[in-house]
1. In sequence order, what are the phi-derived ³J(HN,Hα) couplings for the stretch 37-46 according to the Karplus relation 6.51 cos²θ - 1.76 cosθ + 1.60 with θ = phi - 60°, rounded to whole Hz, with x for glycine and proline?
2. Per-residue HN-Hα couplings for the stretch 55-69, Karplus 6.51 cos²θ - 1.76 cosθ + 1.60 at θ = phi - 60°, whole Hz, x for Gly and Pro?
3. What is the magnitude of the charge dipole of the chain about its Cα centre, with +1 placed on the Cβ of each Lys and Arg, -1 on the Cβ of each Asp and Glu, and no other charges, expressed in debye to the nearest 20?
4. Let me cross-check MET79: its accessible surface, 1.4 Å probe, with only protein heavy atoms counted, in Å² to the nearest 10?
5. State in Å² the accessible area per residue of the chain; use a 1.4 Å probe, count heavy atoms of protein chains only, and round to the nearest integer.
6. At 1.4 Å probe size, what's the solvent-accessible area of LYS49? Round to the nearest 10 Å².
7. Checking the a/c ratio against 1.5 first, then a/b against b/c, what shape does the Cα gyration tensor give for the chain?
8. Using the Cα centre of the stretch 19-98 as origin and beta-carbon charges of +1 (Lys, Arg) and -1 (Asp, Glu), tell me which of ASN93, ILE64, TYR36 is placed farthest towards the positive end of the dipole.
Amino acid sequence: MDSKVDREPARDPQELAIKLVRSENAGDAKGMALLYEPDAVLACGGGRKAIGRDAIEAFYADLIATGRKFDLVDQRPAMLCGDIALTSTRLPNGTVTAEIARRQTDGTWLWVIDQPSIT
């Protein structure tokens, strides 16, 4: 892991995807998992889900081990409704992601649900 990775919490839901990409590119699976609420759900493909930060961290550690690198290409503006936000990114292959984030009591944002591949 790169010791210069920014693990500061997201103050805006738009920051979550940027922080995820930066953490992934630095090989920081823990930092990636910290962008999620403790009981968050991440769709892993093939009907599989990672539930909770430990499972999400393990999923991302396996993904990082493959050498794959994320790119943040076309992040869409977050849709906000009170303390809930819908974030989304269009990936280079045309796939669209959809995530639901929640504002925490300290004003920071964490993802609750992450569906990284909507085709």
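The values are calculated or read from the model by the stated rules, or taken from the named source; none is laboratory data. Worth saying up front: this structure is predicted, and the values here are computed from it rather than measured. Reconstructed Cβ throughout: ideal geometry from the backbone, glycine too, with neighbour counts over all protein chains shown. Heavy atoms of the whole protein, side chains included, go into the accessibility calculation; ligands, DNA and RNA do not. Shrake-Rupley method; radii C 1.70, N 1.55, O 1.52, S 1.80 Å.
1. 5, x, 10, 5, 10, 10, 6, 9, x, x
2. In residue order, the calculated couplings are 5, 5, 4, 4, 4, 5, 4, 5, 5, 4, 4, 6, x, 5, 10 Hz.
3. In debye, rounded to 20, the chain gives about 220.
4. In the full protein context, MET79 sits at about 130 Å².
5. Accessible area per residue, the chain: 57 Å².
6. 140
7. Rounded is the answer for the chain, as its axis ratio a/c remains below 1.5.
8. Looking along the dipole axis, the top candidate is ASN93.
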